[in-house]
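The values are calculated or read from the model by the stated rules, or taken from the named source; none is laboratory data. Everything numeric in this text was worked out from a predicted model, so none of it was measured. Cβ placement follows ideal geometry from the backbone for every residue including glycine, while neighbour counts extend to all protein chains displayed. Areas reflect the complete protein model, heavy atoms only, side chains present, ligands, DNA and RNA absent. Shrake-Rupley method; radii C 1.70, N 1.55, O 1.52, S 1.80 Å.
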Amino acid sequence: MDLNISVELTSAKKQKPEIDQLSFGKYFTDHMFIMDYDAGKGWHDPRIIPYQPISLDPAAKVFHYGQTVFEGMKAYKTAEGRILMFRPYKNLQRLNRSNARLSIPALDENVIMEALRKLVLVDEEWIPDEQGTSLYIRPFVIATQATLGVSPSEQYHFMIILSPVGSYYAEGINPVSIFVESEYVRAVTGGVGNAKTGGNYAAGLKAQQEATDKGYSQVLWLDGVHRKYIEEVGSMNVFFKVGGKVITPALNGSILDGVTRDSVIQLLRYWDIEVEERAISINELVEAYRNGTLEEAFGTGTAAVISPIGELNWQGDKLALNEGRTGPLSAKIYDFMTGIQRGTLEDPFGWVVKL
Ligand SMILES: *Cc1c(COP(=O)(O)O)cnc(C)c1O
């Protein structure tokens with residue numbers, strides 16, 4: 001693949017938003033990366049261009065059959081002005097696993113890393129440096145071939161867009177209330193639940209909307225076969241601390257292999273805290289709650305890093321975890337992870353990459 005990434009700089013830089021206006025995914029930087037795929041030619045013409053709309057034929061396969069994948073990662077600016085990323089190759093490897101599942105041709109991970117580096121440096125002045133802020137990076141692929149036949153597309157765009165994002169926790173790290181979903185399911189083993197693809201999100205919107213109407217911020221999905229084993233929370237993996245041990249659902253083919261999940265497991269083991277990856281039934285959690293051993297629960301994902309769970313609603317029963325407050329382990333993991341990501345704590349794992 002051609003490593004020669006061309007750069008066309010914008011002639012009209014946008015006004016940057018105020019830090020307190022950022023929220024999540026609302027503003028985009030001055031440039032984007034795009035590369036094309038044509039059967040027989042492979043991926044070609046990698047280029048950085050001014051951020052702009054793209055033009056697609058209405059018959060483009062992505063609109064009809066959802067052949068698309070994405071990633072989510074962040075770049076941080078340290079107090080000394082260094083630009084750091086967290087385990088970016090893990091995301092690029094997962095991007096290719098998602099590609100393989102969605103019959104999308106593989107991308108060269110080194111080329112994508114170079115594209116990322118170049119794009120982030122071109123738009124470096126967009127990286128916010130206040131505590132809790134970062135530059136969110138969204139790589140994605142869409143099928144662009146204009147034919148309605150159901151078959152893998154012979155043409156694609158790969159793109160990267162960048163969005164400065166505000167602190168996920170405006171008033172410090174806060175627990176969320178979660179609705180345990182017993183009607184809808186997100187994915188089943190053998191489907192696409194372990195790929196980062198748009199259809200998983202479209203399938204979850206209805207349950208999310210109903211949970212929001214009941215006053216819950218996310219849903220906790222149960223498995224689609226037995227309707228009893230814990231899967232994940234919205235767009236996060238999930239962990240429970242029960243009787244001093246930490247448990248999290250095993251990678252069973254229907255949940256996402258989160259980079260944050262993997263990092264938290266390694267970190268807990270580094271701290272000599274026992275972690276089990278296995279099937280966890282909702283009944284086991286309710287029982288642990290009743291006998292007082294369910295100490296903490298938290299979600300993990302790139303956007304929030306750690307999201308403590310203050311309440312679980314299971315069929316109308318409200319289980320208050322750690323009295324609805326952030327648990328000490330959740331807080332400790334959050335402080336450590338965000339500390340190494342922002343370069344204020346030493347990284348004993350070699351996870352942080354300087355751009
Ligand atoms: C992206 C995502 C996660 C979190 O993965 P990270 O790599 O930790 O950001 C978890 N679940 C789903 C469904 C996701 O899409």
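Computed values, structure above
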read-out: Residue-by-residue Karplus 3J(HN,Hα) for segment 37-42, coefficients 6.51, -1.76, 1.60, Hz, glycine and proline x; value: 10, 10, 3, x, 10, x
read-out: Length added when fully stretched, THR189-GLU18, from 0.36 nm per residue minus Cα-Cα; value: 57.2 nm
read-out: For the chain: relative contact order, % (alpha-carbon pairs under 8 angstrom, 6 or more apart); value: 18 percent
read-out: Semi-axis lengths (Å, descending) of the ellipsoid that matches the C-alpha gyration tensor of segment 6-165; value: 29, 17, 14
read-out: Sorted peptide list for 237-245, 93-101, criterion being average Cβ within 10 angstrom, highest first; value: 237-245, 93-101
read-out: Extended-chain gain in nm, criterion 0.36 nm per residue less alpha-carbon gap, LYS228 and LEU9; value: 73.6 nm
read-out: Among 290-301, 52-63, the order from most to least packed when residues are scored by Cβ within 10 Å on average; value: 290-301, 52-63
read-out: Linear extension gain, LYS354 paired with ARG138, 0.36 nm per residue minus alpha-carbon span; value: 75.9 nm
read-out: Carbon/sulfur fraction of accessible area - segment 176-340, other protein chains in place, 1.4 Å, %; value: 49 percent
read-out: Å² per residue, accessible surface of segment 103-207 at 1.4 Å; value: 41 Å²
read-out: Residue-averaged 222 nm ellipticity for the chain, from DSSP H runs of 4+ at -39500 (n - 2.57), nearest 500; value: -7500 deg cm²/dmol
read-out: Theoretical FRET efficiency, 1/(1+(r/R0)^6), r = Cβ-Cβ of ALA100 and ASP335, R0 45 Å, to 0.05; value: 0.80
read-out: Area projected by the alpha carbon convex hull of the chain, averaged over all directions, nm²; value: 18.3 nm²
read-out: Ranked by how many other beta carbons lie within 10 Å on average, peptides 158-165, 144-151 from highest; value: 158-165, 144-151
read-out: Estimated distance in nm for a label pair at GLU346 and GLN209, the labels positioned 7 Å out from Cα along Cα-to-Cβ; value: 5.2 nm
read-out: GLN93-ARG47 pseudo-label distance in nm [points 7 Å out on the Cα-to-Cβ vector]; value: 3.4 nm
read-out: Relative contact order of segment 176-340, pairs being alpha-carbon contacts under 8 Å that are 6 or more residues apart, as %; value: 24 percent
read-out: Three-way shape call for segment 55-101 based on the alpha-carbon gyration tensor, with the a/c threshold at 1.5; value: oblate
read-out: Helical segments meeting 15 Å axial Cα length and Kyte-Doolittle 0.0 threshold in the chain (DSSP H); value: 109-122, 259-270, 328-341
